[in-house]
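Here it is, the structure in full.
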There are 2 protein chains.
Amino acid sequence: MDPARTLALLWRAEHEPVRPARGPRQGLTVDRIVRTAIAVADADGLAALSMRKVAEPLGVSAMSLYTYVPGRAELVNCMLDEVLGEAPSLEAADGWRQALERYARGGMAIARRHPWVPPLVSSRMLMGPNETARWDGVLGALSGVGLPEREMLAVVHLLDGYVRGAAQQSADAEHDARRSGLSYDEWYEQTGPLLEKTISADRYPALTRVWRSGVFEEPGAGLGPDGGFEFGLQRVLDGIERRVADRFAG
Amino acid sequence: MDPARTLALLWRAEHEPVRPARGPRQGLTVDRIVRTAIAVADADGLAALSMRKVAEPLGVSAMSLYTYVPGRAELVNCMLDEVLGEAPSLEAADGWRQALERYARGGMAIARRHPWVPPLVSSRMLMGPNETARWDGVLGALSGVGLPEREMLAVVHLLDGYVRGAAQQSADAEHDARRSGLSYDEWYEQTGPLLEKTISADRYPALTRVWRSGVFEEPGAGLGPDGGFEFGLQRVLDGIERRVADRFAG
DNA sequence: ACTAACTCTTTACGGCGTAAGGAGAATGCT
DNA sequence: AGCATTCTCCTTACGCCGTAAAGAGTTAGT
């Protein structure tokens, strides 16, 4: 995967220098392909995203997509940067904590709309236009608080990691539910009795105690689709706040 | 995917009731298949794990694996529970904070040894023997600190989410590096100049400032293979500690 | 009018998970 | 002992996948 080609595609700079094309006009655009691919992935998941499935609703053959995009991997890159454009602006935020809160919630919202996103958010930045803007926004929000650059990066990394983990857990739950046709609660209803047979109370006392408290069945208790995202987020922000305070004091 | 069948397989209870088998003896065991599959996944990644690739080193055809395991999905479940057995015991830990620290580091260590694990750690628990023991351990460590059950669950969820996110970021970096043949540093050397062309300093001031500080090139600065895992972990634990203190005070 | 450049097509290859059905081996019953 | 049953493991086959190769058809420059 050629980095130069990938970057050019992300910034849509590919066909800028060459205006007069010899052959027939292109009937599609990269944007249209990317948007179609996003719709397919939203509906069926990233695993079910195939070149053939993207080409069909566009009325072309799979191979014609290769005129616009070098391959599947690069298409996915473009999809990712496109949906990162849905992140909210942090400019109006009141203080760094609120900005980080919005950053994390924005990431979570994207993940909920597009469950295929979390596994793709890699540490190796692709730096398309939207990812660039997002980085600039969050680093801007962190600029005044007195952390060294190294720790600013680590803080963003921490937030991204947390959101990614939480989002993926929620996405998996939804995916499993859709595939098995069972909701989270129904699944526990089915396996609950089975578990109680295999898991003995005296071998696993702490787990049994929590299990019997019934908290596993409560929605939003820390597991399941909405898995205590806000609770965790506030703990993470508290941890960052303490670091900021310690820096200021010491 | 039948939950009962899956659970029976995880606890290896499948052939317990039926002792006298009519046909020829089985030449393989579920354990041997699972261990071989883990080796394949460790070497080539989960995407490259195919029934044919697992069968080959065992000297059987792909289809004979279906005598032992209902399908690929269930095999992966077994692989996951198997490697969760590598998690360290938390019994000797001195206090809940140290226990959680070990829990998180243990998870991270597993993820590093088996980079295919993080995407699989789902909120829908499979509850094989090792996952069960792990849950019991961490809930035991949290039992005395005064948090309600709901928040104990949320705390474990928070840690799992953080570890999962961080581990996946690290695994992706490694995977990308292996596939492209470029180390993290080499990749930045290649794309750096390109990025400076497309990303203008006045449109992205905060990002440019951090970029020019050179901190992106430092190893372990918050990105890259070792991406500030410890920094983030301490922030997360600080956040949990504050919650515990608030609970105790209020 | 001719040619070069370009888009889009059809075909093909080697991979995948696994359904179907058949060959051969070990047991239980008579 | 001999037969039926039951089980393991095999080969074959189907419909998916990404994309390489090569050809058909369209447009622009000369």
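Values in this text are rule-based calculations from the coordinates and carry no lab data. Computed from a predicted structure; not experimentally measured. Positions of Cβ are generated from backbone atoms using ideal geometry, with glycine treated the same way; all protein chains shown enter the neighbour counts.
Considering chain A as a Gaussian network with a 10 Å cut-off on Cα pairs, which listed residue, A:200, A:89, A:143, attains the greatest mean-square fluctuation?
A:200
Continuing with the same structure: Hey, if you drop one equal point scatterer on each alpha-carbon of chain B and run the Debye formula without solvent, what base-10 log of I(q)/I(0) do you get at q = 0.08, 0.10, 0.13, 0.14 Å⁻¹?
-0.44, -0.65, -0.95, -1.04
Just how many % of Cα pairs in the protein assembly as shown lie over 46 Å apart, if you round to the nearest whole percent?
Details: 18129 of 124750 pairs.
Tail of the P(r) past 46 Å holds 15 percent of the pairs.
Where does helix B:96-113 land angle-wise versus the long Cα axis of chain B, in degrees 0 to 90, nearest 10?
70
Please compute the average number of Cβ atoms from other chains found within 10 Å of each residue's Cβ in peptide A:162-175.
On the way: counts 10, 3, 8, 15, 8, 2, 9, 9, 3, 2, 6, 3, 1, 2.
Per residue, the number of nearby Cβ atoms from other chains is 6 on average.
Separate question: Quick check: the angle from helix A:72-84's long axis to the longest principal axis of chain A, C-alpha only, nearest 10 degrees?
Approximately 70 degrees, to the nearest 10.
Turning to a different aspect of this structure: Return the single residue from A:92, A:43, A:173 with maximal mean-square fluctuation; model: Gaussian network over chain A, springs between Cα atoms under 10 Å.
Looking only at A:92, A:43, A:173, the largest GNM fluctuation is found for A:92.
A follow-up question, please. Report the charge-dipole magnitude of the stretch B:3-83 in Debye, nearest 20, computed about the Cα centre from +1 at each Lys and Arg Cβ and -1 at each Asp and Glu Cβ. Provide the component values of the computation, followed by the final result.
Working: 10 positive and 9 negative charges, 75 e Å.
Using only the charged Cβ atoms, the result is roughly 360 debye.
From the label point of residue B:27, set 7 Å from Cα along Cα→Cβ, how far away are the matching label points in the other copies, in nm, ordered shortest to longest?
Ordered by increasing distance: 5.3 nm.
If eta is 0.890 mPa s and T is 25 °C, what Stokes-Einstein diffusion coefficient results for the stretch A:3-83, Kirkwood Rh from Cα pairs, in µm²/s? Numbers along the way, then the final one.
Working: Rh = 13.1 Å.
The estimated diffusion coefficient comes to 187 µm²/s.
Something else about it: Run the Debye formula on the Cα coordinates of the stretch A:41-187, all scatterers equal and no solvent, and tell me log10 I(q)/I(0) at q = 0.09 1/Å.
At q = 0.09 Å⁻¹ the computed log10 ratios are -0.35.
Given the options B:6, B:201, B:50, identify the residue whose Cα lies farthest towards the positive end of the charge dipole of chain B (+1 on Cβ of Lys, Arg; -1 on Cβ of Asp, Glu).
Of the listed residues, the answer is B:6.
7 Å along Cα→Cβ for the label point: how many nanometres lie between residue B:250 and each equivalent label in the other copies, listed shortest first?
Its label point is 2.8 nm from the equivalent points in the other copies.
When B:145, A:138, B:54 are ordered from fewest to most other Cβ atoms inside 10 Å of their Cβ, what list results? Before the final figure, lay out the partial values.
On the way: B:145 19, A:138 27, B:54 24.
Neighbour counts put them in this order, fewest first: B:145, B:54, A:138.
So, one more: Shortest first, in nm, what separates the label point of residue A:95 from those of the same position in the other copies (7 Å along Cα→Cβ)?
2.8
Something else now. Cα to Cα, under 14 Å, and not fewer than 8 places away if on the same chain: which aspartates and glutamates meet these conditions relative to residue B:53?
Within reach: B:42, B:44.
Something else now. With springs connecting C-alpha atoms under 10 Å apart, model chain B as a Gaussian network and identify which of B:93, B:206, B:39 has the largest mean-square fluctuation.
Of B:93, B:206, B:39, the most mobile in the Gaussian network model is B:206.
Across peptide B:112-120, how many C-beta atoms of other chains are within 10 Å of each residue C-beta, on average?
Working: counts 0, 0, 0, 0, 0, 0, 4, 4, 1.
Rounded to a whole number, the mean comes out at 1.
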